[in-house]
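The values are calculated or read from the model by the stated rules, or taken from the named source; none is laboratory data. Remember, it's a predicted structure, so these values are computed and weren't measured experimentally. Note that each Cβ is placed from the backbone with ideal geometry, even for glycine, and that neighbours are counted across all protein chains shown.
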Amino acid sequence: MTYQSAIEKHGKKLRATVQGENSYENISRFLQELLEKCEEEQTSHLLIVDRMSGLQSSTVDVYELVSEYSAKGFYKLEKVAYCDLAGDPENDIGWFAETVALNQGVNIKLFRNLEKAEEWLDG
């Protein structure tokens, strides 16, 4: 149950790529890592590139994680682009997560295309 992440600063934004097993614990640890890095780098623009594999999280788990980390600080970020390169567009909980985050005050947008995510984030 591990994940690997790479977080790099590109101008005014952080680009964070994650891969590994899609589990509640891994997602929670990764989101905490992102918050700490955004604070450390004093950035307000975040690009998340998700390459996690395995079963999708449950609706309840997604709601809990998104609500928790929205309140912990994601709402402070100016823009968050979430590029899901591993999800199934026909059966995906990413849209639910986006809606929950938006309702929690996070300016986030879900993408399936990395170039479009970067374009939105840079705009």
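Within the range 101-122, the set of residues being surrounded by fewer than 20 Cβ atoms within 10 Å (Cβ to Cβ) and in a helix (DSSP H, G or I) comprises 102, 103, 114, 115, 116, 118, 119, 120, 122. Quick check on the range 63-77. Is at least one of its residues at positive phi and part of a loop (DSSP other than H, G, I, E, B)? Looking for residues that are at positive phi and part of a loop (DSSP other than H, G, I, E, B), one finds at least one in the range 63-77, hence yes.
Could we say that residue 36 is touching a Leu at 6+ places or on another chain (Cβ under 9 Å) and within 26 Å of residue 123 (Cα to Cα) here?
On the way: touching a Leu at 6+ places or on another chain (Cβ under 9 Å): no; within 26 Å of residue 123 (Cα to Cα): yes.
The answer is no for residue 36.
Scanning the range 42-53 for residues that are surrounded by fewer than 15 Cβ atoms within 10 Å (Cβ to Cβ) and either farther than 14 Å from residue 3 by Cα or touching a helix residue (DSSP H, G or I) at 6+ places or on another chain (Cβ under 9 Å) (or both) turns up just one, 42.
So which residues in the range 1-33 are in a strand (DSSP E or B), of a type in the set (Lys, Arg) and out of contact with any Leu (no Cβ under 8 Å at 6 or more places or on another chain), if there are any at all? Please lay out each step first, then the result.
Taking the range 1-33 and keeping what is in a strand (DSSP E or B), we get 3-10, 13-21.
Pick out the ones that are also of a type in the set (Lys, Arg) and you get 9, 13, 15.
Selection gives 9 alone.
Looking only at the range 69-99, filter to residues that are closer than 23 Å to residue 13 by Cα and of a type in the set (Asp, Glu); which one of those is modelled with the lowest pLDDT? Looking at residues that are closer than 23 Å to residue 13 by Cα and of a type in the set (Asp, Glu), I get 84.
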